[in-house]
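Below: the structure, in structure tokens.
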Amino acid sequence: MSDLNVLSEGINLYNEKKYSDALAFFLALPSASGADSIDIAYYLGLCFTKLKRYEDALLYLEQVVTAGQQLDRVQQCRFILAVIYTLSGRKRLANFELTKLLESGYKPASVYASLAYIAWEQEDVDRCLEYYEKALDIDANNVTALNGIGYVLAYENRDLTRALSCCKRAVEFSPDSPACLDSLGWVYFKLGLYKDSLKYLEMAESLDKENEEIASHIKTVSLEGDQR
């Protein structure tokens, strides 16, 4: 590992959320600076991630994981890799990274919630629900897991009472989340409570006007309500 004093200016810029400046600092470090290449790769990966330059981030995060130095860094980078792979539709790679995290003993609720989302995208409903349950076993107040399991149960018309309870709790913890509001609105729709459904769906839409799924839900509820 390098002398972190060499990197201190860039680390301070990163901690101050000046990600572009931090990135410029780390990219400009001369090869003779004495800084370890893996330390530099770690911070470059973080900076590119914060700037949403995900393809650039992958290059450096993968270097950290491959080097295998400092377990906590490797685990952090694996999780970021999994998120990037999920966002870019590379579900198999995301699943690989998350599975490796579990094998390393890193088992926070966020990992299981991410695995649940991937299972849902792969149309494996039972495995999806199993992972959400594991996430909630670890952290009963994990918003992602509460919202996810509530939405999946509603979508599948399974245990709507629990779906409502989970989605209500998710909204209590995250009242300005369009995803949570949308899920709660969808549960109310499944329960036949169209007025309550539209209330939450329209709240979700006001926070995320470009979301096609929310718009689709509103259309479905409105049409169904008009026919009653």
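Just to be sure before I move on: is A163 open to solvent by less than 70 Å² (accessible area, probe 1.4 Å) and modelled with pLDDT under 95 in the structure I sent? Criteria not met by A163.
Of the residues that sit in the stretch 127-166 and are assigned to a helix (DSSP H, G or I) and among the polar types (S, T, N, Q), which one is farthest from S114 (Cα to Cα)?
From the stretch 127-166, those assigned to a helix (DSSP H, G or I) are 127-138, 143-155, 160-166; that's our starting set.
Next, only the ones that are among the polar types (S, T, N, Q) stay: 144, 147, 161, 165.
Details: T144: 9, N147: 12, T161: 24, S165: 21 Å.
Filtering first and then ranking leaves T161.
Taking the stretch 95-119 as the range and being modelled with pLDDT under 90 and in contact with a Gly (Cβ under 8 Å, 6 or more places away or on another chain) as the test, only Y117 passes.
Name the residue that is farthest from the chain's Cα centre (by Cα), counting only residues in the stretch 126-160 that are small (G, A, S) and surrounded by 19 or more Cβ atoms within 10 Å (Cβ to Cβ).
Of the residues in the stretch 126-160, the ones small (G, A, S) are 135, 140, 145, 148, 150, 154.
Next, only the ones that are surrounded by 19 or more Cβ atoms within 10 Å (Cβ to Cβ) stay: 135, 145, 148, 150, 154.
Values: A135: 13, A145: 11, G148: 11, G150: 17, A154: 21 Å.
Checked the stretch 126-160; the qualifying residue farthest from the chain's Cα centre (by Cα) is A154.
Within the stretch 168-185, residues that are over 8 Å from A204 (Cβ atoms) have Cβ atoms under 6 Å from residues that are assigned to a helix (DSSP H, G or I) and among the aromatic types (F, W, Y) in these pairs: S183/Y151; L184/Y200, counting only partners at least 6 apart in sequence or on another chain.
Considering E16, E9, the condition of being acidic (D, E), touching a helix residue (DSSP H, G or I) at 6+ places or on another chain (Cβ under 7 Å) and more than 25 Å from A113 (Cα to Cα) is satisfied by E9 alone. Taking the criterion of being open to solvent by less than 40 Å² (accessible area, probe 1.4 Å) and over 26 Å from the mean Cα position of the chain (by Cα), the residues of the stretch 1-24 that qualify are S2, L7, G10.
Are any of the residues in the stretch 34-57 part of a helix (DSSP H, G or I), farther than 26 Å from S110 by Cβ and of a type in the set (A, V, I, L, M)? Yes.
Here is a yes/no grid of residues against (1) more than 14 Å from V152 (Cα to Cα); (2) buried (at least 18 other Cβ atoms within 10 Å of the Cβ); (3) more than 14 Å from the chain's Cα centre (by Cα); (4) β-branched (V, I, T):
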{"position": "I84", "(1), (2), (3), (4)": "yes, yes, no, yes"}
{"position": "L93", "(1), (2), (3), (4)": "yes, no, yes, no"}
{"position": "F96", "(1), (2), (3), (4)": "yes, no, yes, no"}
{"position": "L102", "(1), (2), (3), (4)": "yes, no, yes, no"}
{"position": "Y112", "(1), (2), (3), (4)": "yes, yes, no, no"}
{"position": "I118", "(1), (2), (3), (4)": "no, yes, no, yes"}
{"position": "E121", "(1), (2), (3), (4)": "no, no, no, no"}
{"position": "D124", "(1), (2), (3), (4)": "no, no, yes, no"}
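Scanning the stretch 158-199 for residues that are closer than 17 Å to D139 by Cβ and acidic (D, E) returns a single hit, E172.
The values are calculated or read from the model by the stated rules, or taken from the named source; none is laboratory data. Because the structure is a prediction, the values reported are computed rather than measured. When we count neighbours, we look across all protein chains shown, and the Cβ atoms used for this are built from the backbone with ideal geometry, even at glycine. Heavy atoms of the whole protein, side chains included, go into the accessibility calculation; ligands, DNA and RNA do not. Shrake-Rupley method; radii C 1.70, N 1.55, O 1.52, S 1.80 Å.
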